[in-house]
1. Those residues that are assigned to a helix (DSSP H, G or I) and either more than 15 Å from residue 105 (Cβ to Cβ) or not β-branched (Val, Ile, Thr) (or both), I need them from segment 156-182; list them, please.
2. Would you mind telling me which numbered condition in (1) under 18 Å from residue 183 (Cα atoms); (2) crowded, with 17+ Cβ neighbours inside 10 Å; (3) of a type in the set (A, V, I, L, M, F, W, C) residue 171 fails?
3. If you scan segment 81-120, which residues turn out to be closer than 15 Å to residue 62 by Cα, in a loop (DSSP other than H, G, I, E, B), β-branched (Val, Ile, Thr) and in contact with a strand residue (DSSP E or B) (Cβ under 8 Å, 6 or more places away or on another chain)?
4. Can you name every residue in segment 120-151 that is in contact with a Ser or Thr (Cβ under 8 Å, 6 or more places away or on another chain), open to solvent by 20 Å² or more (accessible area, probe 1.4 Å) and farther than 19 Å from residue 87 by Cα?
5. Within segment 98-114, restricting attention to residues that are surrounded by fewer than 22 Cβ atoms within 10 Å (Cβ to Cβ) and of a type in the set (A, V, I, L, M), which residue is modelled with the lowest pLDDT?
6. Could you please find all residues in segment 43-80 being open to solvent by 50 Å² or more (accessible area, probe 1.4 Å) and in a helix (DSSP H, G or I)?
7. Please go through segment 128-155 and give me each residue that is in a loop (DSSP other than H, G, I, E, B) and among the β-branched types (Val, Ile, Thr), ordered by number.
8. Can residue 24 be described as open to solvent by less than 20 Å² (accessible area, probe 1.4 Å) and not hydrophobic (A, V, I, L, M, F, W, C)?
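The values are calculated or read from the model by the stated rules, or taken from the named source; none is laboratory data. Predicted, not measured: the structure shown is a model, and the values here were computed from it. Cβ coordinates were reconstructed from backbone atoms using ideal geometry, including for glycine residues, and neighbour counts include every protein chain displayed. When the accessible area is computed, the model is the full protein with side chains, heavy atoms only, and any ligands, DNA or RNA have been set aside. Shrake-Rupley method; radii C 1.70, N 1.55, O 1.52, S 1.80 Å.
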Amino acid sequence: AQADLMYTSVWPLTHIERIFHVCTSLRALAIINLYSDQWMILESWVPRTVESLFLGPIHGLVELRALPCYSRLQSFTSLDTVMSNCETSDVLNSGTLRRFRRIYTNGVNAHLGFDQLSCIGPKAKKLEQVEIVCCAPSVEEATELLRSLAIRFAANCDDDRIFLVPRRNTWDSRRDGIRVLFEDWQAGYGLC
């Protein structure tokens, strides 16, 4: 549950570095609830073998070229994060990514992802998918939010690589963004 994974400024960074050091074949890495200033420390330790990276909610500045796994990284997922246009443009046009995903567990913030679709440039030759995952209490509500945003940002959506994905974010009347990420992770790896 989200409440079990609270933010803390006291991450055992030294232990995490040791764990990363022995992860010689790690392909997918999710880092959640990490203070943004600590991401600057961890990013240089991400194992070279990582192909899929999931960060959020909120994370520090992402500079893919600074990651040891840059040449292998194929998928990047950002959860509930505001990224600058420059940062988004660098990620989208990195030349290595095949898939870029923005998950908004509060669907009203999904407009941020739509607004930055115009950052897809000519260097994004390997990019196959840009997904905006919009969450609401029900899939139907999320679908309606996506539909209205797609109309509003129609000029930015004119690319067949853009996918809009509705998801629910509420279970037992409680919103749980970490569960959204976890279920998304499971589905992406065929675990559910």
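1. 156, 157, 177, 179, 181, 182
2. Condition not satisfied by residue 171: (2).
3. 81, the sole residue that qualifies.
4. Passing the criteria: 137, 138.
5. 108
6. Residues satisfying the conditions are 44, 45, 65, 66.
7. Those that are in a loop (DSSP other than H, G, I, E, B) and among the β-branched types (Val, Ile, Thr): none in segment 128-155.
8. No, not satisfied.
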